[in-house]
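Please read the structure below before turning to the comments.
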Amino acid sequence: MSILVFGKSGQVARELGCRVSNCVFLGRDLADLSELATCAAAIQARRPQAVINAAAYTAVDRAEEDEDTARRVNAEAPGAMAEACAALGIPFVHISTDYVFDGAGEAPFAPGDATGPLGAYGRTKLAGEDVVRDAGGVYAILRTSWVFSAHGGNFVKTMLRLGETRDALNVVDDQIGGPTPAGDIAAACLTIAEALKADPGKSGTYHFSGAPDVSWAGFAREIFAQAGRDVTVTGIPTAEYPTPAPRPLNSRLDCSATQAAFGIARPDWKSGLSHVLATLGAQSQGTRTP
């Protein structure tokens, strides 16, 4: 199946590139998401069998002061993509986020639960979900959380960098969620795209996050344990680590509908972490891992 991917250098896009050869990737040089006409034109010109949107404005704190740009990239551009896909009758897979929820309580959020984003990033991603649904085509919105990989910037790479010069770190321990390997998200997007082509009735909103759920502090401890780094992690409340944009305390996602519809189980993030660390180690040695 020929697939057009919006995004080229991001974590999920990079992982998609490692998995399939029949994908065309559109970076900013070929598809500026601030120019809506170019998004639709790219789909119409290439007429792929499916489209995956792996591009987004993900600077959570910067979005508080630049919500207009975030909205254009996270909402208006996906809307243009979804409308173009609907006109051609092809599946559209759009990646969204746990930030569309308010993070209240301790129960995992199901796809149909009430949303309530706490900041600009979440608001713009939620607006993007709405326009994708309203386009009237075949689609899947895949909400995920705490994405990490060997590519780009993410929590794993930040912890490893800090651990090079520090033997103790304070890390938030009252935010709970599922770290999700970007490679597993990429694989899920491909499976969902194929399934939607065969059965458009599976269109809808789905969740996908790693298991088991853990705090950022717990995630950090596992990173250092697997990396063989002697770094002490002390858990602190979110109140002691203020950020311009508020973060949801509860990012747990109920992924049962995803498994029921597509046979995709929650990935073991600890196993995914092992692979990422091996990849980073191989990169530092100038070799590659499969």
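The values are calculated or read from the model by the stated rules, or taken from the named source; none is laboratory data. Computed from a predicted structure; not experimentally measured. Neighbour counts run over all protein chains shown; Cβ positions are idealised from the backbone, glycine included.
Below is a table of values for the structure above.
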read-out: Residue within region 90-102 that is farther than 23 Å from S251 by Cβ, of a type in the set (D, E) and assigned to a helix (DSSP H, G or I) present; value: no
read-out: Filter result (among the polar types (S, T, N, Q) and in contact with a Phe, Trp or Tyr (Cβ under 9 Å, 6 or more places away or on another chain)) within region 233-290; value: N250, S251, T258
read-out: Given (1) at pLDDT below 95; (2) under 19 Å from V138 (Cα atoms); (3) not in a helix (DSSP H, G or I), index of the condition I52 fails; value: (1)
read-out: Conditions (1) over 19 Å from the mean Cα position of the chain (by Cα); (2) part of a strand (DSSP E or B); number of the one not met by F25; value: (1)
read-out: Where T258 falls short, out of the listed (1) under 23 Å from the mean Cα position of the chain (by Cα); (2) more than 23 Å from R14 (Cβ to Cβ); (3) surrounded by 18 or more Cβ atoms within 10 Å (Cβ to Cβ); value: (2)
read-out: Close pairs from region 40-62: first touching a residue at least 24 places away in the same chain (Cβ under 8 Å), partner of a type in the set (K, R), Cβ under 7 Å, at least 6 apart; value: Q49/K197; A50/K197
read-out: Residue among D68, D134 that alone is among the charged types (D, E, K, R) and without any contact (Cβ under 8 Å) to a residue 24 or more places away in the chain; value: D68
read-out: Residue in region 218-233 that is free of Cβ contacts under 8 Å to residues at least 40 places away in the same chain, within 21 Å of P117 (Cβ to Cβ) and surrounded by fewer than 16 Cβ atoms within 10 Å (Cβ to Cβ) present; value: no
read-out: Qualifying residues in region 101-121 (those that are in contact with a strand residue (DSSP E or B) (Cβ under 7 Å, 6 or more places away or on another chain) and crowded, with 18+ Cβ neighbours inside 10 Å) - the one farthest from Y139 (Cα to Cα); value: G103
read-out: A70 vs. criteria surrounded by 24 or more Cβ atoms within 10 Å (Cβ to Cβ) and farther than 25 Å from K202 by Cβ; value: yes
read-out: Strands (runs of 3 or more DSSP E) completely within region 156-238 that count 2 or more residues being over 20 Å from the mean Cα position of the chain (by Cα); value: 168-172, 232-236
read-out: Residues that are aliphatic (A, V, I, L, M), within 25 Å of S2 (Cβ to Cβ) and out of contact with any Phe, Trp or Tyr (no Cβ under 9 Å at 6 or more places or on another chain), drawn from region 96-137; value: V131
